[in-house]
Amino acid sequence: MAPRAFGFYYLSTEILPRAKGIYRFEQHKNGSIVCPNGTRYQPVTVFSTSNQGDSHWSDARAIIESQFMSMCVDYAHKEMGAMTGIAITGGASSNPTLQQAVSDILGVPVFATAIHTTKGVDIRAPAMPAYGGAIRALDQHMKLTATVSKDGSKYTLQHICSPNDRKHAVYVQALADFEFLRNYVSSGVCISGA
């Protein structure tokens, strides 16, 4: 397995964790940060796993993983039962790679708002503002029935993808290290690499 790399991107001060800045860590046998399981990480300014020296690809992946792994950590600390699915809305939600990444990281099926019109079903989450789509998705989850809009269209949740069990297992295995590093960043000991 390739060494793990984690990024934390807080362009403004966050509520949870209380941090600001960009922090990158790579697994390294001589790393200065030791997780409780003995895995060592080294703070870096640019990922060495970058594509031909260009860290943008590695950063893009780390941003997505960081957002949804943070959701896993935060959700696990709440007594809400097991997550059974997630509804995605807004422009980025139409990206199949992002949809699958969300499903793999969270380990749950992904749903998008579908619009049923006289012309058929149109899964067009990007056509809806994220907030409005989220409200419709929540409405569908709570009622499990279609909502009729002013123009006569019906909105339902449509299954988009399911998690890849092998990939989800890799994220589950990495979650303890991720949470440890996130806590390390929020402790104020770590200095931003940006």
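The set of residues from segment 166-182 being more than 11 Å from Pro36 (Cβ to Cβ) and open to solvent by 50 Å² or more (accessible area, probe 1.4 Å) comprises Arg166, Lys167, Ala169, Val170, Val172, Gln173. Collect the residues in segment 47-63 that are open to solvent by 60 Å² or more (accessible area, probe 1.4 Å) and at pLDDT 90 or above, keeping them in residue-number order. Across segment 47-63, the qualifying residue is only Ile63.
Name the pairs whose Cβ atoms lie under 6 Å apart, with the first residue in segment 92-115 and within 18 Å of Asn164 (Cα to Cα), the second of a type in the set (Ser, Thr, Tyr) and in a loop (DSSP other than H, G, I, E, B), and 6 or more positions between them or separate chains? Correct list of pairs: Pro109/Ser162. State whether one or more residues within segment 158-166 are at pLDDT below 85 and either of a type outside the set (A, V, I, L, M) or in contact with a Pro (Cβ under 8 Å, 6 or more places away or on another chain) (or both). The answer is yes; a qualifying residue exists. Can you report the number of residues in segment 60-77 which are farther than 12 Å from Ala101 by Cβ and among the acidic types (Asp, Glu)? Adding up the residues that qualify gives 1. Answer yes if at least one residue in segment 82-91 is outside any loop (DSSP other than H, G, I, E, B), at pLDDT 85 or above and open to solvent by less than 70 Å² (accessible area, probe 1.4 Å), and no otherwise. Yes, some residue in segment 82-91 is outside any loop (DSSP other than H, G, I, E, B), at pLDDT 85 or above and open to solvent by less than 70 Å² (accessible area, probe 1.4 Å). Taking the numbered list (1) open to solvent by 80 Å² or more (accessible area, probe 1.4 Å); (2) assigned to a helix (DSSP H, G or I); (3) among the charged types (D, E, K, R) in turn, Arg18 passes all entries but (2). Would you confirm, using the coordinates I've provided, whether Gln67 is touching a Cys at 6+ places or on another chain (Cβ under 8 Å) and surrounded by 12 or more Cβ atoms within 10 Å (Cβ to Cβ)? Answer is no for this residue.
The values are calculated or read from the model by the stated rules, or taken from the named source; none is laboratory data. Predicted model, so just to flag it, every value in this text is computed and none were measured. Positions of Cβ are generated from backbone atoms using ideal geometry, with glycine treated the same way; all protein chains shown enter the neighbour counts. These accessible areas exclude ligands, DNA and RNA; they are computed on the full protein's heavy atoms, side chains included. Shrake-Rupley method; radii C 1.70, N 1.55, O 1.52, S 1.80 Å.
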